[in-house]
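Everything below concerns the one structure shown next.
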Amino acid sequence: MPHDAHAHAHVAAPEAARAGRVHSWDVSTGVDGPGTRLVVFLAGCPLRCLYCQNPDTWHMRDGRHRTVADIERRMRRYARFVTTAGGGVTVSGGEPLLQPAFTRDVFEAARRLGLHTALDTSGFLGARADDRLLAATDLALLDIKAGSEDTCLRLTGGALAPALAFADRLAQQRTPVWVRYVLVPGWTDAPDEVEAVADRCAALANVERVDVLPFHQLGRSKYERLGLPFALADTPAPTRDQVAAARAVFAARGLVVS
Ligand code: SF4
């Protein structure tokens with residue numbers, strides 16, 4: 001394929017010197033940004049969300065060493081397909097902002113190929129995203145994990161404030177944001193938790209949509225395979241009514257919810 005020739009042309013570029021730890025790839029439609037997307041999952045995450053579906057991405061050592069040129073080759077191969085499908089490239093994880101320079105260089109490479117870029121992040125390390133990375137980001141998929149610091153800390157092992165600060169910064173930069181809120185019965189479904197997040201979202205002019213994602217047990221087998229305890233083993237998925245009630249809290253503030 002001609003992409004090999006193009007890849008060589010980029011070896012001399014400074015960005016091509018950068019490399020990162022990549023866990024895996026996927027092509028997906030629906031949840032990782034608009035259209036059909038090439039999703040690059042980076043390895044490593046500082047959080048330990050009790051419901052995490054990808055505990056196999058937690059450690060950077062579990063990823064494979066990849067250069068920006070490697071990623072660019074792959075993006076070039078998919079460019080026409082994802083563009084025709086109204087999509088682009090999403091960098092996810094793990095936590096992409098654990099490798100901010102690599103993420104930035106991947107996005108800048110994507111931009112050179114004319115691809116839409118989406119950053120899938122918990123925002124916990126938002127302070128590590130420099131302005132150049134934000135300038136290369138067309139859309140942020142931002143998790144807001146809870147409405148209170150206490151719940152966030154117990155649920156994820158990390159503070160909520162950094163994600164909220166990052167949300168404010170994205171608003172200042174007018175970067176479009178899709179907020180994700182995982183609805184976990186007994187954890188994040190209390191009205192004051194949901195209302196606090198909805199109030200935050202409503203105060204930000206750049207939030208284009210909110211996805212309320214029902215907790216489920218599908219990630220459980222991965223924990224078993226990895227020999228890790230799954231703390232939410234006895235937590236049920238929310239009922240349809242519980243999900244509808246949470247979505248209504250966001251919708252009542254004029255937010256687009258799905
Ligand atoms: S931030 Fe994402 S990858 Fe990290 S532990 Fe939470 S759910 Fe898993």
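Each value in this text was obtained by applying a stated rule to the coordinates, not by laboratory testing. Computed from a predicted structure; not experimentally measured. Heads up, the Cβs are rebuilt from the backbone with ideal geometry, glycines too, and the neighbour counts pull from every protein chain shown.
Per-structure values
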{"quantity": "Size of charge dipole - region 194-238 - debye, nearest 20, with Cβ of Lys, Arg +1 and Asp, Glu -1, no other charges", "calculated": "240"}
{"quantity": "Long-range HN-HN contacts of VAL27 with modeled amide H, under 5 Å", "calculated": "VAL39"}
{"quantity": "Rounded D (µm²/s) - region 15-76, Kirkwood Rh over Cα pairs, Stokes-Einstein at 37 °C, 0.692 mPa s", "calculated": "257"}
{"quantity": "Residue-by-residue Karplus 3J(HN,Hα) for region 99-109, coefficients 6.51, -1.76, 1.60, Hz, glycine and proline x", "calculated": "10, x, 5, 5, 4, 4, 5, 5, 5, 5, 5"}
{"quantity": "Orientation-averaged projected area, Cα convex hull of region 191-242 (nm²)", "calculated": "5.3"}
{"quantity": "Solution diffusion estimate, µm²/s, Stokes-Einstein, region 112-258, Kirkwood Rh from C-alpha pairs, 10 °C, viscosity 1.306 mPa s", "calculated": "99"}
{"quantity": "Gained length - ARG132 relative to THR84, 0.36 nm times residue gap less alpha-carbon distance", "calculated": "14.6 nm"}
{"quantity": "Compactness relative to 2.2 N^0.38 Å, alpha carbon Rg of region 152-205", "calculated": "1.19"}
{"quantity": "Residue-span extension gain [ALA252 to THR239] - 0.36 nm each, minus C-alpha spacing", "calculated": "2.7 nm"}
{"quantity": "Computed [θ] at 222 nm, helices only, for the chain once each DSSP H run of length n ≥ 4 contributes -39500 (n - 2.57)", "calculated": "-11000 deg cm²/dmol"}
{"quantity": "Built amide H within the under 5 Å cut-off of VAL257, gap 5+", "calculated": "VAL210"}
{"quantity": "Cysteines having no other Cys beta carbon under 4.7 Å from their own, within the chain", "calculated": "CYS45, CYS152, CYS201"}
{"quantity": "At 1.567 mPa s and 4 °C, Stokes D of the chain from Kirkwood alpha-carbon radius, µm² per second", "calculated": "69"}
{"quantity": "Given charges at beta-carbon only (K, R positive; D, E negative), |dipole| of region 48-189 in Debye", "calculated": "620"}
{"quantity": "Under-5 Å amide H pairs with HIS116, H placed in peptide plane, nonlocal only", "calculated": "VAL89"}
{"quantity": "Fraction of antiparallel bridges per DSSP, the chain only, in percent to nearest 5", "calculated": "30"}
{"quantity": "Whole-Hz ³J(HN,Hα) from phi, Karplus 6.51 cos²θ - 1.76 cosθ + 1.60, for region 52-57, glycine and proline x", "calculated": "3, 8, 10, x, 6, 9"}
